[in-house]
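Have a look at the structure below, then the notes.
Only the coordinates and a few stated rules stand behind these numbers; no lab work does. A quick note: this is a predicted structure, and the numbers were derived from the prediction, not measured. So basically every Cβ, Gly included, is an ideal-geometry build from the backbone, and we count neighbours across all protein chains shown.
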Amino acid sequence: MPAILRLPITNVYAKGDFTVRVSIGSEANELQLIIDTGSSTLALHSSRYQPEQDSDLQRTTLVQEVMYGIGGWAGPVTKTSMQLHGDVSLTLPQNFVALATCGEPPLAKADGILGLAYNRLNQATDISEFLAQQQPPLSTSLPWPFSQCGVDALQQIAGILHVYPKQNLTPWFSNIEQHGVVANIFAFYCQRSSIHHRAQKAHTTQDPLNQGWFILGGGVEQHDLYDGDFQNIRVWHDIYYNVQLTAIQVGDLAPIPCPPGNGADSANGFFDTGSSVILLPDTTYQSLLQHLVQFNPLLQTVLQQLPAFTGVEQGLDAKLIKLSEWPELYFYFVADNGDLVKLACPPHDYWQMNAPAFGLCSFKIIAQLPHFSNQSIIGLPLLCNYFTVFDRAVHQTGVIRCATARR
């Protein structure tokens, strides 16, 4: 019978993103991996894992090159074992694991990324022909066969790889589900989108606000983590967990329409547990700021002081932010049955108190970055208020079930 694992997670290693502890390889090296529904690759930073000590390691002729919203990497693809330890333990013998050897993966103090999206985001390149042309000829992509390294080398390596054949690797979660290890469902629970800092300099890993749960193979049976009924959001296709965001509402003002996506399915955003912010297309973001001022003109003074997003979290003096003056935000999504689902984002979730340091407050909604496509990323500030179940067994593409989190 498939297992259900309830795994503790924390946000202190990845600057607000949540990581789960796994053991990798024959030596059972304990690593912290970012839980990311916005990608599909299981990747480890090459400096945090010693493949030469892993007797379970199998080398391949495959490489991967992945770019995220911020940062990217390239490296060899291997196979090795993994162990997960929660209320029960699982040993998983064969897992595709990429080693981020070149570039700058956005990991902070985490050791890697556990991508949970679908197959088409987990593309690899077979460089068998390239390896055979080396002097002397090589048989595997580990050790890394390219002399280029560093962030600037990614474009050069991508140029080399584009002529070689591609294949989609089965992502980690799809692999263990297809082998009957767990059911085709997982769930996510958290309370913050930024690390919470206290005045006493207490270790942030001990702060309960910085903890959460990752449930593999289940979700709805975790009754202690949510209240009320689930609302079901339609997932439009199996790439990301793509959804259609129809509108955003500021308090009781008229909703701000969100344009549909360019594709035939109208998807214009995706749910991303690996994003510590909500990202909106620029026109939608500017409309949101205008509606906040319309709701309460006193808010303009604060909004004018918001720092430009640089990829590094910044905060304002918390004394400037009176949460009682700020409205609830509502996000409307197309439901599984064609109706609308209304999710609430309270002020204490889109403003994170005591972040990125004690006495500061961080605004967790940002505008579209220059190199981003024109879609919304639904990140942790909205997910904080909900116990979120990614039920991939429903229909062909699954549904996202949201119930009010018990906090």
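Computed quantities for the displayed model
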read-out	value
Computed label-point distance, nm, for sites Ser373 and Gln286 using a 7 Å Cα→Cβ extension	2.3
Placed amide H near Cys258: partners under 5 Å, 5+ positions off or other chain	Ala247, Ile248
Net charge dipole size for the chain [Lys, Arg +1 and Asp, Glu -1 on Cβ; Debye, nearest 20]	480
Charge dipole magnitude, Cβ of K and R +1, D and E -1 - the stretch 286-407, Cα centre, debye nearest 20	180
Potential lengthening between Ser47 and Gln156 on full extension [0.36 nm per residue; Cα-Cα distance subtracted]	37.0 nm
J(HN,Hα) series, the stretch 335-341, from Karplus relation 6.51 cos²θ - 1.76 cosθ + 1.60, nearest Hz, glycine and proline x	7, 4, 9, x, 6, 10, 9
Gap separating the Cα centres of the stretch 118-167 and the stretch 360-407, nearest whole Å	33
Packing-based order for 16-29, 388-401, using average beta carbon neighbours within 10 Å, highest first	16-29, 388-401
Gap separating the Cα centres of the stretch 1-54 and the stretch 177-240, nearest whole Å	15
Residues Val77, Val181, sorted so that the one with the fewest Cβ neighbours within 10 Å comes first	Val181, Val77
The chain: angle of helix 282-295 to the longest principal axis, Cα-based, in degrees nearest 10	30
Rounded if a/c under 1.5, otherwise prolate or oblate - the stretch 12-108, Cα gyration tensor axes	oblate
Unsatisfied cross-links (Cα-Cα over 24 Å) in the set Lys319/Lys342; Lys319/Lys364; Lys342/Lys364; Lys109/Lys364	Lys319/Lys342
Charge dipole of the chain about the Cα centre (unit charges at C-beta), most positive-ward option of Ile215, Ala308, Gly379	Ala308
Environment charge of Ile278, counting only residues whose C-beta is closer than 15 Å and scoring Lys/Arg +1, Asp/Glu -1	-4
Neighbour-count ranking [beta-carbon atoms within 10 angstrom, fewest first] of Tyr350, Tyr164	Tyr164, Tyr350
Translational diffusion of the stretch 7-178, µm² s⁻¹ [Kirkwood Rh, Cα pairs; Stokes-Einstein; 10 °C; 1.306 mPa s]	98
Length added when fully stretched, Ala28-Ala308, from 0.36 nm per residue minus Cα-Cα	96.6 nm
Calculated P(r) tail over 18 Å for the stretch 243-395, as whole % of Cα pairs	58
Placed amide H near Ala3: partners under 5 Å, 5+ positions off or other chain	Val182, Ala183
Amide hydrogen neighbours beyond the local backbone of Ala110, cut-off 5 Å, H modeled	none
Label-point separation, Gln58 to Glu325 (7 Å along Cα→Cβ), nm	6.1
³J(HN,Hα) computed for each position of the stretch 302-316 - Karplus, 6.51 cos²θ - 1.76 cosθ + 1.60, integer Hz, glycine/proline x	6, 4, 5, 9, 4, x, 5, 6, 10, x, 10, 5, 10, x, 9
Highest to lowest packing among 379-385, 128-134, scored as the average C-beta count within 10 Å	379-385, 128-134
Dipole in debye (nearest 20) - the stretch 185-230, about Cα centre, beta carbon charges: Lys, Arg +1; Asp, Glu -1	420
Of every Cα-Cα pair in the stretch 186-240, the percent that sits beyond 13 Å	71
3J(HN,Hα) from dihedral phi, the stretch 84-99, Karplus parametrisation 6.51/-1.76/1.60, rounded to Hz, x for glycine, proline	10, 10, x, 5, 10, 10, 10, 10, 10, x, 10, 9, 5, 10, 8, 10
Relative exposure of Met67, Met82, Met353, judged by other C-beta atoms within 10 Å (fewest first)	Met67, Met353, Met82
Peptide ranges 92-105, 364-377 listed from the most packed, as the mean C-beta count within 10 angstrom indicates	92-105, 364-377
